[in-house]
Amino acid sequence: MKVLLINGSPHNNGCTFTALSEVEKELQAQGIETQIYHIGTQPVRGCTACGSCYKTGKCAFDDGVNEISELIKMADGVVIGTPVYYSSMNGALSATLDRVFYSAGSNFKNKPAAGVVSCRRGGASATFDQLNKYFTISNMPVVSSQYWNAVHGRTAQEVKRDLEGLQIMRTLGKNMTWLLQNIEQGKDNVTLPVLEDRIATNFIR
């Protein structure tokens with residue numbers, strides 16, 4: 001079993017990475033294979049609603065979004081981390097996830113997912129809610145912890161002093177492992193839900 005951890009911060013080894021690393025250590029201790037993917041600092045364009053993904057199954061723009069989509073499809077679970085900018089996620093990550101989930105979200109159903117946020121002081125709950133919306137619109141079980149998945153600190157060293165936050169990350173790793181193990185053991189005994197054809201209701205006639 002493998003979990004993909006996406007670092008949505010422009011800083012490769014900053015606060016968000018520190019939080020994800022704590023989750024990763026717990027996953028690895030439980031025998032789960034992991035990969036941390038850093039979205040980097042290159043520009044990411046927003047979705048242009050061109051509709052190309054309806055025909056090809058992938059985004060028309062090749063700036064890492066399709067690579068991330070494939071990595072999520074190959075993983076058994078995903079954890080997405082972001083810093084808090086004005087009570088919301090990093091803009092590059094927001095643009096990335098909009099396109100990833102719009103073009104390929106139907107391929108992620110039944111994969112456990114979790115969001116992780118890093119903030120200096122406030123805005124964590126709003127950002128955490130923002131991340132979870134991508135999962136809950138895509139039939140992905142959301143993995144919880146003992147508190148909302150956030151760490152606090154302005155630097156990686158300060159995050160390491162947030163003992164409660166780090167414990168939340170470890171608990172998240174344990175709960176992700178537990179759910180993945182149950183899914184794996186139940187594959188031969190439990191049938192996955194058969195979904196109805198999608199109904200779209202528009203309210204302006």
The alpha-carbon center of segment 93-122 and that of segment 131-160 are separated, in whole Å, by 11 Å
Compute a Gaussian network model of the chain, connecting alpha carbons closer than 10 Å, and tell me which residue from Val117, Val194, Val143 fluctuates the most.
Val194
What residue among Thr155, Thr96, Thr16 shows peak mean-square fluctuation when the chain is described by a Gaussian network model with Cα springs under 10 Å?
Thr155
Contact order relative to length for segment 2-186, counting C-alpha pairs under 8 Å separated by 6 or more residues, stands in percent at 27 percent
Give the percent of DSSP beta bridges with both residues in segment 1-160 that are antiparallel, rounded to the nearest 5.
10 percent
Proximal aspartates and glutamates relative to Lys109, as straight alpha-carbon distance under 13 Å, when same-chain residues fewer than 8 apart are discounted:
Asp76
Under-5 Å amide H pairs with Ser9, H placed in peptide plane, nonlocal only:
Ile39
Label the chain by shape, choosing from rounded, prolate and oblate, from the square roots a ≥ b ≥ c of the eigenvalues of the Cα gyration tensor; if a/c is under 1.5 it is rounded, and otherwise prolate applies when a/b is larger than b/c, oblate when it is not.
oblate
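Values quoted throughout were computed directly from the atomic coordinates according to the rules given, and no laboratory measurement underlies them. All of these numbers come straight from a predicted model, not from anything done at the bench.
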